[in-house]
Amino acid sequence: MDEKVALRTITRADIAREAEVSETIVSYVINGKRYVNSEKRQRVEQAIAKLKYRPNALARALKGKKLNHLLFVADDIQGDYFGKLISEIDSFAYDEAYFISLCADRMDEDFVDRIYSRFFDGIIIGSANFPLRNIQRLVDTNIPIVLLEVRDYSSITGVYGLINTGLYRGAKDCVRTLHERGRRKILYLDKLNKDGSKSDLSDWRLKGFSDQLEEYGLPVSGMNILAGCRSDDELVAALEHRVRHEGFIPDGIFGRNDYMALLGMEAVKGLGYKVPTDISVIGFDNSRFCRFSTPTLSSMEIQQKEIGRTIMKMMISLIDKRDSFSTRIEEHLETQLVMRSSI
């Protein structure tokens with residue numbers, strides 16, 4: 001069955017016929033407000049899956065069924081950065097009587113279907129891995145969406161919110177800071193991915209790094225970008241191989257986040273280099289770990305409190321005044337470098 005047709009035409013009556021129950025029972029299962037015995041619930045859930053039923057978010061909104069429940073989809077829910085950010089968002093959300101749920105992103109198509117069927121009033125996406133086609137599918141459902149611009153979203157059409165958190169300019173500033181200290185062989189450490197995937201130039205941090213090197217007339221190649229590592233050990237081994245066997249000895253390291261920068265710092269120290277005498281190191285996010293490394297890690301800070309405030313302001317506008325917007329709405333924020341001992 002065509003996915004778009006299924007999304008628009010399958011009704012609760014169809015589910016009821018397939019599951020051989022009443023529409024009332026189907027409603028109870030979907031809304032989760034009444035007890036339904038396990039055998040009937042299972043039949044309804046199987047029918048929903050088989051027919052690819054997705055609730056009509058617009059119809060629900062017209063009926064006034066606002067649940068004040070938002071979903072935040074992130075690509076690193078265990079990291080310090082998103083822990084701090086979700087705390088800031090939650091404080092502003094609570095003041096507006098909203099609750100926030102956090103989940104990791106998924107690459108499969110079913111993930112979008114599950115999100116759509118859960119009755120969230122709005123969705124916040126802060127993931128560089130979330131496929132653009134899936135973001136577009138969510139925007140097309142008319143659910144209010146706010147994107148944290150960790151990558152280029154210019155291809156996404158429709159009404160949604162976009163918050164530029166300053167990643168591109170912040171990345172360029174990291175390179176400038178290293179360059180001002182005489183560093184010319186700067187190595188970029190990309191994020192770890194379990195599937196070995198690499199960031200491309202749609203990722204604003206990598207693009208900022210590459211563009212600033214090019215502005216200085218410095219080479220940008222696979223030699224000064226270390227990507228595609230699946231684990232800490234793999235990254236350390238790859239960095240050691242690059243130094244010992246490929247002959248690339250960096251005098252500066254820029255980690256896509258603080259964790260990567262700290263991994264790089266420990267790796268080069270293990271090879272006998274001194275930080276910052278031989279190699280300067282800079283991170284991104286200004287996590288709490290920066291203060292406890294030796295030497296302490298300089299890092300580009302993202303203004304998380306302001307991001308939290310802006311997310312909720314934008315989300316409430318999209319929920320309450322969606323009809324007044326004909327295209328995406330944007331906000332631009334800045335980053336701030338926190339200088340410590342590593343550079």
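The values are calculated or read from the model by the stated rules, or taken from the named source; none is laboratory data. Worth saying up front: this structure is predicted, and the values here are computed from it rather than measured. Please note: Cβ atoms are built from the backbone with ideal geometry, for glycine as well, and neighbour counts cover all protein chains shown. Ligands, DNA and RNA are excluded from the accessible area calculation, which covers all protein heavy atoms including side chains. Shrake-Rupley method; radii C 1.70, N 1.55, O 1.52, S 1.80 Å.
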Can you name the number of the only condition in (1) under 22 Å from the mean Cα position of the chain (by Cα); (2) part of a strand (DSSP E or B) that Ile253 fails? (1)
Per the filter on segment 297-306, residues more than 16 Å from the chain's Cα centre (by Cα) and open to solvent by 40 Å² or more (accessible area, probe 1.4 Å) are Glu301, Lys305, Glu306
Looking for something surrounded by fewer than 16 Cβ atoms within 10 Å (Cβ to Cβ) and outside any loop (DSSP other than H, G, I, E, B) - is there at least one such residue anywhere in segment 269-277? yes
Taking segment 175-204 as the region of interest, how many residues are open to solvent by 30 Å² or more (accessible area, probe 1.4 Å), touching a residue at least 60 places away in the same chain (Cβ under 8 Å) and within 17 Å of the chain's Cα centre (by Cα)? 2
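Criterion first (among the basic types (Lys, Arg), in contact with a strand residue (DSSP E or B) (Cβ under 9 Å, 6 or more places away or on another chain) and surrounded by fewer than 20 Cβ atoms within 10 Å (Cβ to Cβ)) does Arg106 satisfy it? Step through it out loud before you land on a result.
Working: among the basic types (Lys, Arg): yes; in contact with a strand residue (DSSP E or B) (Cβ under 9 Å, 6 or more places away or on another chain): yes; surrounded by fewer than 20 Cβ atoms within 10 Å (Cβ to Cβ): yes.
Yes, satisfied.
Against the condition open to solvent by 10 Å² or more (accessible area, probe 1.4 Å), within 15 Å of Ala171 (Cα to Cα) and basic (Lys, Arg), how does Arg309 come out, does it pass? Outline the logic, then answer.
Details: open to solvent by 10 Å² or more (accessible area, probe 1.4 Å): yes; within 15 Å of Ala171 (Cα to Cα): no; basic (Lys, Arg): yes.
No, not satisfied.
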Residue identified as buried (at least 16 other Cβ atoms within 10 Å of the Cβ), in contact (Cβ under 8 Å) with a residue 24 or more places away in the chain and in contact with a Lys or Arg (Cβ under 8 Å, 6 or more places away or on another chain) among Asp251, Asp285, Asp258: Asp251
In contact with a strand residue (DSSP E or B) (Cβ under 8 Å, 6 or more places away or on another chain) and either at pLDDT below 90 or open to solvent by 70 Å² or more (accessible area, probe 1.4 Å) (or both): does that describe Ile30? no
Given the condition open to solvent by 20 Å² or more (accessible area, probe 1.4 Å), in contact with a Cys (Cβ under 9 Å, 6 or more places away or on another chain) and either among the charged types (D, E, K, R) or modelled with pLDDT of 95 or more (or both), answer yes or no: does some residue in segment 205-218 qualify? no
Name the one entry in Gly166, Gly126, Gly170 that is free of Cβ contacts under 8 Å to residues at least 60 places away in the same chain and either over 22 Å from Asp108 (Cα atoms) or within 12 Å of the chain's Cα centre (by Cα) (or both). Gly126
